[in-house]
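What follows is one structure encoded as C-alpha cells, with my remarks underneath.
The values are calculated or read from the model by the stated rules, or taken from the named source; none is laboratory data. Quantities reported herein were computed from a predicted structural model and do not represent experimental measurements. Heads up, the Cβs are rebuilt from the backbone with ideal geometry, glycines too, and the neighbour counts pull from every protein chain shown. Just the protein is used for accessible areas: all its heavy atoms, side chains included, with ligands, DNA and RNA removed. Shrake-Rupley method; radii C 1.70, N 1.55, O 1.52, S 1.80 Å.
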Amino acid sequence: MSTSDRHVTLHYAPNTRATAVSALLDELSADYMLDVYNLQAGEHLSESYRAINPLAKVPALSCRGEVITEQVAIYIFLADLYPEAGLAPAVSDPLRGPWLRWIAYYGSCFEPAVIDRAMKRDAAPRAMSPYGSFDEMLAVLEGQLAKGEHLLGERFSSADILWGSALAWMVGFGLLSPSPTTSAYIERIAARPSMQAARARDAELVAARAG
Ligand SMILES: N[C@@H](CCC(=O)N[C@@H](CS)C(=O)NCC(=O)O)C(=O)O
C-alpha cells in the first residue's frame, strides 16, 4: 500500500470530539488534511455535509472513497491504517482484545452515562441500562487506569488519545470528579505534543473566524 492510499480527510470542527482525532493523526504521522466546518454557523447542517455524514456530526473520515463515522470506529481504523506507529495492538497481540474493549467501553458505556448525567437523568433500570450505574461505570474505568501509565498499562495506544481527551472534557464540564490517578492520566495525555498542537491549532481557527 503506498502512502497516498492511506491519505485521510478529517471532517473537522475546532474544540470538538474531532480535535483529539487530529492529535491521533499527528501521533501516527499520517498523511491527512482537514475539512473544517463552523458548527456555530451551522455549516455542518448543509446538504453537502449530510451527504458525508447523514447525522451531521464530526468527526468523520474520508479514506479511499469510503466514509468512517463514530469516534470508536475512527480510533480503531486509523491506528490499524498506520500499524507502524504501534498504536494498535496487532490481532495476534494479547492486548488486542483489551484495546478493543476499552475503545468500545467509551461508546457503549461512558458516553451514554455522561449524557444521562449531563441531562440530570437517572440511569435506566439496571436490566436496560447499557452501563449499569454511573458510579459502577466510572469505578471500572478508574480501576483500569490505576494499573499503569496508560489504559493498557505500559503500552500507549490510540485509546489513550480518545480517553484522555474525553475525560478532560468531562472534568471541564463539571461532570466528573476524577481520582488523583485519573487526574494524573488526564494531565499526562494533555501534555503530549500532539494534543498541545491540536489545541493551539483550534485556537488559531477560532481566532481567524473572529478576525
Ligand atoms: N456519535 C458521534 C458523536 C459525535 C458528536 O456528537 N459530535 C459533535 C461535536 S463534539 C457534533 O458534531 N455536534 C454538532 C451538532 O450535533 O450539531 C461520535 O461518537 O463520533
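The phi-based Karplus calculation (6.51 cos²θ - 1.76 cosθ + 1.60; θ = phi - 60°) puts the 3J(HN,Hα) values of the range 161-172 at 5, 4, 6, x, 6, 5, 5, 4, 4, 5, 5, x Hz, whole numbers, x for Gly and Pro.
With a probe of 1.4 Å, find how much accessible area the range 15-144 has per residue, and write the answer as a whole number in Å².
Computed with neighbouring chains in place, this is 51 Å² per residue.
List the longest stretch of the chain that has no exposed loop site; here a site is one of the trypsin sites (Lys or Arg not before Pro) assigned by DSSP to anything other than H, G, I, E or B, with at most 12 other Cβ within 10 Å. With trypsin sites (Lys or Arg not before Pro) excluded where exposed in loops, the chain gives 148-211 as its longest stretch. Phi angles across the range 34-44 convert, under the Karplus curve 6.51 cos²θ - 1.76 cosθ + 1.60 with θ = phi - 60°, into 3J(HN,Hα) values of 9, 10, 8, 10, 9, 5, 4, 8, x, 4, 6 Hz, Gly and Pro given as x. Under 5 Å between amide H atoms, partner at least 5 residues away or on a different chain: which partners does Tyr32 have, H built in plane at 1.01 Å? Hits under the 5 Å cutoff: Val8.
Counting Lys and Arg as +1 and Asp and Glu as -1, each charge on the Cβ, what is the dipole of the range 67-180 about the Cα centre in debye, to the nearest 20?
Its charge dipole is roughly 260 debye.
Note that the range 101-107 has calculated 3J(HN,Hα) couplings of 4, 6, 5, 5, 4, 4, x Hz, one per residue in order, obtained from phi through the Karplus relation 6.51 cos²θ - 1.76 cosθ + 1.60 (θ = phi - 60°); glycine and proline are x.
Applying 1/(1 + (r/R0)^6) with R0 = 30 Å to the Cβ-Cβ distance of Thr9 and Arg126, what FRET efficiency is obtained, to the nearest 0.05? Taking R0 as 30 Å, the efficiency between Thr9 and Arg126 is 0.10.
Only protein heavy atoms count here; under a 1.4 Å probe, Leu100 has an accessible surface of about 70 Å². In this Cβ point-charge picture (+1 for Lys and Arg, -1 for Asp and Glu), the range 93-148 has a dipole of about 60 debye about its Cα centre. Look at the Cα gyration tensor of the range 88-144: its axes a ≥ b ≥ c give a/c of at least 1.5 with a/b over b/c, and that counts as prolate. When the alpha-carbon atoms of the range 97-211 are used, the pair Rg, Dmax equals 15.5, 52 angstrom.
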